[in-house]
Amino acid sequence: MKKLALILSLVVTVASAQEACKPLPTFSLKATDGKTYTQKEFASRPTVVVFLKKGCPHNPKSAPDFNKLPGLLTNKVNVVAITDADLETAKKYAKEIKLNLPLLADPKLSVIKAFGAKRSLDMAITCAHDKMVAQMWEGYSQDSLKSLVASLPGHGGPSVKPDLSSFPAKKQSGCPFGM
């Protein structure tokens with residue numbers, strides 16, 4: 001009976017994990033670092049994706065936090081941001097808010113929609129193993145970042161224990177994309 005309960009529990013866990021994941025969208029976006037990013041870069045290792053609505057007043061306060069992520073994640077995880085602007089506007093905006101991450105230009109919001117981001121400061125993580133969008137977070141906080149960090153080993157990433165105390169305790173959420 002215990003074995004049956006364990007098996008049923010595993011089946012339910014696997015089924016709900018699959019429902020939470022969705023295929024990585026096919027895309028090609030130019031970025032502020034001069035590169036063109038495709039879903040292949042996101043599938044090579046786990047990638048944290050931060051979504052930024054152009055002009056949202058919450059972005060300048062949050063950019064320093066997002067700039068810290070690559071170092072906190074021991075540079076073994078890709079970290080990029082995607083914005084709803086054309087490339088030239090994205091370049092100016094990245095300088096304006098002092099964002100050091102590659103900022104990918106998605107003026108038609110096709111990739112933003114495909115990921116399921118609703119607002120600025122939403123985050124996602126991709127799974128390197130199966131080329132999936134593994135999880136989405138609405139906004140960010142210490143708790144959402146702890147959840148993200150805890151999920152890394154299951155998505156092909158490192159096991160790390162970064163100090164997240166400088167990140168906001170309360171969830172920060174930005175402007176809606178207006179889709």
Checklist entry - Tell me, what HN-Hα J-couplings in whole Hz come from the Karplus equation 6.51 cos²θ - 1.76 cosθ + 1.60 at θ = phi - 60° for each residue of the range 29-38, using x for Gly and Pro? => result 10, 7, 10, 5, 8, x, 8, 10, 9, 10
Next on the checklist: Could you tell me the calculated FRET efficiency between Thr36 and Lys171, based on Cβ-Cβ distance and R0 = 35 angstrom, to the nearest 0.05?
Outcome noted: 0.60
Next on the checklist: Tell me the Rg and the Dmax, in Å, that the Cα atoms of the chain produce.
Outcome noted: 16.6, 63
Item to check | Sites excluded, trypsin sites (Lys or Arg not before Pro) in DSSP loops with at most 16 other C-beta within 10 Å, longest stretch of the chain | outcome: 36-75
Item to check | Label-point separation, Lys108 to Thr74 (7 Å along Cα→Cβ), nm | outcome: 4.0 nm
Next on the checklist: My understanding is that a pair violates if its Cα-Cα distance is over 27 Å; which of Lys98/Lys170; Lys35/Lys146; Lys30/Lys53; Lys92/Lys113; Lys54/Lys113; Lys30/Lys146 do that in this structure?
Outcome noted: Lys35/Lys146; Lys30/Lys146
Checklist entry - Excluding Asp143 itself, what net charge comes from residues whose Cβ is under 11 Å from its Cβ, given Lys and Arg +1 and Asp and Glu -1? => result +3
Checklist outcome for this item: Dividing the helical contributions, -39500 (n - 2.57) per DSSP H run of n ≥ 4, by the residues of the chain yields a 222 nm value, nearest 500 deg cm²/dmol, of -11000 deg cm²/dmol
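Coordinate-derived values only; no laboratory data. Values in this document were obtained by computation on a predicted structure and should not be read as measured data. No Cβ is skipped: glycine too gets one built from the backbone with ideal geometry, and neighbour counts run over all protein chains shown.
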